[in-house]
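Colleague: The structure under discussion is supplied below as C-alpha cells; questions concerning it will follow.
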Ligand SMILES: *Cc1c(COP(=O)(O)O)cnc(C)c1O
C-alpha cells in the first residue's frame, strides 16, 4: 500500500470510529434513561451502499454485526472480506427478500430479519438445506418476522400484518432449518415522536404474541439512526444503524 492509500484508509477509519463512538454514547444514554443494561442491546451497523473496506474497518473497531438489504450487493461484499473478518462478523439480511434470492442469501447470512410470508419460510428452509449440503454454511438460519406497522396505509415496504404474525410464527416453528428469534420493524416515516413510540409499542405487543408460540423468540429489531432512543425505550434488543455511523448514502431507497 502506498502512503497515500494508507492515509485515506486511516482517515476513513477515524471517521467511522467517531460515528461509532457517538452512536454508542447515544445508546448508552438511552439505556441509562430507560433503566436498561447496554449489554442487552446489540448494535447492527447497516453497511448497505458502502464498500467491503468499511466493513473491515468496522470489525477492526469492534463491530460484531452488520446489516445489508440487497442480496447482490451483500453477497459480493461478503465474498470480498478477508477470511478473518468474514469469520468474526455476523451478517444480518434486513431487506425485502424474494423467494428466488433465498438460495443466495443462505450462503452468507447468519440471520434474516425480513421474513414476512409463508412462501418465504418454505423457500428459506429449503435454501438452508441446500447450503448445508453444499458445505456453504454449518448452522441453521436465525430468522425474525418483519411486522408491517403501517398496515397498508401506503405502498408497503413489506412485513406481515400484526394480526397474522402468530400464524407465521407457527409456520417457522414447523420447519426444520430456521430458528425463530423474534420480530423486526421499521417505524413508519414522518411520524411524531409520540407516533413513533406508539408504533414501537405495537411491535412490543406483537413480540408478546410471537413469544406465546415460540417462547424464546425474544429479540426485537427496531430503531435506526433517527429513532434509536425511542426503540431502546420500547424494549428493542437490536438496533440497525447506518447513516449515523457511515454517513449519508448516495441514493436513498
Ligand atoms: C437502511 C436501513 C436501516 C438503517 O437506516 P439509517 O437511517 O441509515 O440508520 C435500518 N433498517 C433497514 C431495514 C434499512 O433498510
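The values are calculated or read from the model by the stated rules, or taken from the named source; none is laboratory data. For clarity, every value in this text was computed on a predicted model and none was experimentally measured. For neighbour counting, all protein chains shown are included, and Cβ atoms are generated from backbone atoms with ideal geometry for every residue, glycine included.
Colleague: What are the pairs with Cβ atoms under 6 angstrom where one residue, in segment 226-253, is more than 15 Å from residue 184 (Cβ to Cβ) and the other, located anywhere, is more than 10 Å from the ligand (Cβ to nearest atom) and at pLDDT below 95? Sequence gap at least six, or different chains.
Modeller: No pair meets every condition.
Colleague: Here's something else I'd like to know. Any residue in segment 77-99 that is within 17 Å of the chain's Cα centre (by Cα), under 28 Å from residue 248 (Cα atoms), modelled with pLDDT of 95 or more and part of a helix (DSSP H, G or I)?
Modeller: Yes: segment 77-99 contains one or more residues that are within 17 Å of the chain's Cα centre (by Cα), under 28 Å from residue 248 (Cα atoms), modelled with pLDDT of 95 or more and part of a helix (DSSP H, G or I).
Colleague: Scan segment 35-53 residue by residue and report those that are farther than 17 Å from residue 221 by Cα and part of a helix (DSSP H, G or I).
Modeller: Answer for segment 35-53, where residues must be farther than 17 Å from residue 221 by Cα and part of a helix (DSSP H, G or I): 52, 53.
Colleague: Whether any residue in segment 6-20 is under 21 Å from residue 110 (Cβ atoms) and either assigned to a strand (DSSP E or B) or touching a helix residue (DSSP H, G or I) at 6+ places or on another chain (Cβ under 9 Å) (or both) is what I want to check. Walk me through it before giving the result.
Modeller: Of segment 6-20, the ones under 21 Å from residue 110 (Cβ atoms) are 20.
Checking the rest, the ones that are also either assigned to a strand (DSSP E or B) or touching a helix residue (DSSP H, G or I) at 6+ places or on another chain (Cβ under 9 Å) (or both) come to 20.
Yes, there is a match, as at least one residue in segment 6-20 is under 21 Å from residue 110 (Cβ atoms) and either assigned to a strand (DSSP E or B) or touching a helix residue (DSSP H, G or I) at 6+ places or on another chain (Cβ under 9 Å) (or both).
Colleague: Among residues belonging to segment 229-244 that are over 12 Å from the mean Cα position of the chain (by Cα) and near the ligand (Cβ under 8 Å from one of its atoms), point out the one that is farthest from residue 115 (Cα to Cα).
Modeller: Step by step, filter segment 229-244, then rank; the result is 244.
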